[in-house]
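A short write-up of the structure that comes next.
A short reminder: the numbers here are calculations on the coordinates, not readings from a lab. Keep in mind it's a predicted model, so treat the numbers as computed, not measured. Here Cβ is always computed from backbone atoms with ideal geometry, including for glycine, and neighbour counts include all displayed protein chains.
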Amino acid sequence: MNKMQRKEQLDKVKADDGNIVSRDIPLRYHGESIKVDVYRIPLEDLVYNQYNGRIASSVKAYECRNHTLDPENDADRAVIEDLLWKSNKDRNDKTMKSLVLNGQLRNGIVTADGVIIDGNRRASLLNCACGKTVREKNHWSSSEVDKCRFFNAVILPKSATSKDIQQLETTYQMGEDEKLDYNPIEKYLKCRDLIDEGFDERQIADMMDETEANVRKWLATLELMDDYLEHLRYEDMYPMLDQKEDQFLSLEKGLKDWRGHSALARANWEYEDTDIDDLKMVSFDYIRSGYEGKDFRRICKPSTEGSLFQNKRLWESFSAQHFDSVGYVEEESVEDTIASHPDVDAVESLRARDSKWKKSVDKPLKTNFKYSVRRLEEKLDDAAPETTLRKVRDLLDTIDTSQPSFSSSPDVAKLVSEINKRTYQLKKLLGQ
């Protein structure tokens, strides 16, 4: 059914008072509360909004590697339904059973030509419940399923603009409690979509029931997320950011502080923009490897506990060792990774690629991080000379001289020579 046919069908629905299930329901529209009717609409008269806020990241990833989804196409409709189902399988299963048992308890919103603005997930579950396989699996009777063939919704005026629709979708999806069910990345993408639609940060904050400061922070963080995806050649593959929101928020704040030089007092050197670029690249690798929380913040975020970037000598040593460690790893290209697994979802193929990379670099990254943080803490503690020397002595005692590399590696010989020079200098200072 095309756009014109759906519009004609919805006009018929509105013309029959028998289709009204509720009257005078309040709706926030054009900045004021109006009273509207809710209609019982056959599901076949409606189509999904493929850019629904709940699945925007997954849709962008799919379209990047496949084609633009057309909700009027049966095959693409199945893809949209699959993405909606995967957005929260456990909750969706419970909601579908509740829809069959109790009916639709929350009204949706649709455009005059049948595009679902609010309620895509519920509509997809109603459609799913009507399927023969699902119906038989759950032993639902025909009478139980029959009520699932309709969707209760407000029908917007034909004069509703794209901007009106965006505002309604945001207000009713991300401005209510249900926004807690959304993947965090969706709110970042929604903010950018609204900016592109012509809304300002204050208007977006009002729609989302958030602060302007949060909206600005999310927009800036999304830019950083895009840099990360571009760095890995994962452009538009937003599901690759799952479980990484906190790291990007910390990194965005850290980079902002270092660039603005508000954290300069915590550093013992006059770093350049190129040093901050290195910090971003190192942080990207640690995000990819799964570092989070306090450990991740010790790399990039200025604080009283100290970060590795604040000490020039320590940072130069840490970053040089890091780039040496990750530089030797050879990876299959993104395109080859996806092409070599044609029956596997592109996101899953890339996650497997990341896992393989992490396995290759995990040990050197952990070793470098732990060693550098230990050095940082010793500097922050301002330990007495005898305490530091005792630690050095104890560390020398742990060297396994029986390993072949001890006698064969030129690096070992060089390091022993450097240590010998340092101890000689200390002895001269002591007058020995």
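Decide, for the range 115-177, between rounded, prolate and oblate: order the square roots of the alpha carbon gyration tensor eigenvalues as a ≥ b ≥ c, take rounded if a/c falls under 1.5, and otherwise choose prolate if a/b is larger than b/c, else oblate. Prolate, because a/c is 1.5 or more and a/b exceeds b/c.
Mean 1/r over all different Cα pairs, inverted: what Kirkwood radius does the chain give, in Å? All intermediate terms of the calculation are to be shown ahead of the outcome.
Values: mean 1/r = 0.0387 Å⁻¹.
About 25.9 Å for the chain.
Quarter the surface of the alpha carbon convex hull of the range 269-421 and you get the mean projected area, 12.5 square nanometres.
Model label points for S317 and H261, set 7 angstrom from Cα along the Cα-to-Cβ axis, are 2.8 nm apart.
My understanding is that a pair violates if its Cα-Cα distance is over 22 Å; which of K358/K379; K280/K414; K217/K366; K256/K312; K301/K379; K190/K244 do that in this structure? Please list the in-between numbers first.
Working: K358/K379 30 Å; K280/K414 31 Å; K217/K366 30 Å; K256/K312 19 Å; K301/K379 17 Å; K190/K244 18 Å.
Correct reply: K358/K379; K280/K414; K217/K366.
When the chain is treated as a Gaussian network with alpha carbon springs shorter than 10 Å, the biggest mean-square fluctuation among E72, E63, E32 belongs to E32.
Given the peptides 218-224, 279-285, 141-147, arrange them by the average over their residues of other C-beta atoms within 10 Å, most packed first. The partial results should precede the final answer.
Numbers: 218-224: 18.3, 279-285: 20.0, 141-147: 11.6.
Ranking, from highest mean packing down: 279-285, 218-224, 141-147.
Tell me, what is the FRET efficiency for E32 and N420 to the nearest 0.05, using R0 = 56 angstrom and their Cβ-Cβ distance as r? The pair E32/N420 has a calculated efficiency of 0.10.
Under a Cβ-only charge scheme (Lys and Arg +1, Asp and Glu -1), can you give me the dipole magnitude of the chain about the Cα centre, in debye to the nearest 20? Don't skip to the end; give the middle numbers.
Values: 68 positive and 82 negative charges, 286 e Å.
I would put it at about 1380 debye.
Rg of the Cα atoms in the range 121-225, relative to 2.2 N^0.38 Å, amounts to 1.41.
With runs of 4+ DSSP H residues as the only contributors, calculate the mean residue ellipticity of the chain at 222 nm using -39,500 (n - 2.57) per run, divided by the residue total and rounded to the nearest 500.
Working: 20 runs with 261 residues, N = 432.
Result for the chain: -19000 deg cm²/dmol, rounded to the nearest 500.
Both the radius of gyration and Dmax for the range 308-373 are 15.6, 49 Å, in that order, over alpha-carbon atoms.
Please work out whether the range 265-313 counts as rounded, prolate or oblate from its C-alpha gyration tensor, where a ≥ b ≥ c are the square roots of the eigenvalues and a/c under 1.5 means rounded, while otherwise a/b larger than b/c means prolate and anything else oblate? Taking the square roots of the gyration eigenvalues as a ≥ b ≥ c, the range 265-313 is oblate.
With each label modelled as a point 7 angstrom along the Cα→C-beta vector, the E235-D24 pair spans 5.5 nm.
A simple charge model with +1 on the Cβ of Lys and Arg, -1 on the Cβ of Asp and Glu and nothing else charged puts the dipole of the range 123-252 at about 800 debye relative to its Cα centre. A cut-off of 5 Å between modelled amide H atoms, ignoring neighbours fewer than 5 places along the same chain, links G108 with N152, A153, V154. Shown for K379, K158: other C-beta atoms within 10 Å of each C-beta, ranked fewest to most, produce the order K158, K379. Pull out a ≥ b ≥ c, the square roots of the eigenvalues of the alpha-carbon gyration tensor of the range 6-75, then state rounded if a/c is under 1.5, prolate if not and a/b is larger than b/c, and oblate in the remaining case. Oblate shape, in that a/c is at least 1.5 and b/c is the bigger or equal ratio.
Charges on Cβ only, +1 for Lys and Arg, -1 for Asp and Glu, centred on the Cα centroid of the chain; of L126, M237, P364, which one is farthest towards the dipole's positive end? Of L126, M237, P364, it is P364. Spatially, the range 285-335 and the range 58-119 are offset by 40 Å when compared through their Cα centroids. What's log10 of I(q)/I(0) for the range 197-244 at q = 0.15, 0.16, 0.17 Å⁻¹, Debye sum over Cα points only, no solvent? Rounded to two decimals, the profile gives -0.49, -0.55, -0.60.
So which DSSP H runs in the chain come out at 20 Å plus along the axis (Cα) with average Kyte-Doolittle of at least -1.0? Don't skip to the end; give the middle numbers.
Details: long enough: 184-197 (21 Å, -0.72); 212-231 (29 Å, -0.53); 245-259 (21 Å, -1.18); 273-288 (23 Å, -0.44); 312-327 (22 Å, -0.65); 346-381 (48 Å, -1.20); 410-429 (29 Å, -0.62).
Going by DSSP H runs, the hits are 184-197, 212-231, 273-288, 312-327, 410-429.
Using a simple spin-label model with pseudo-atoms 7 Å out from Cα toward Cβ, S333 and E292 lie 3.3 nm apart.
Taken over the range 170-304, the ratio of Cα radius of gyration to 2.2 N^0.38 Å equals 1.12. Across P404, P26, P342, mean-square fluctuation computed from a Gaussian network of the chain (C-alpha pairs under 10 Å connected) peaks at P404.
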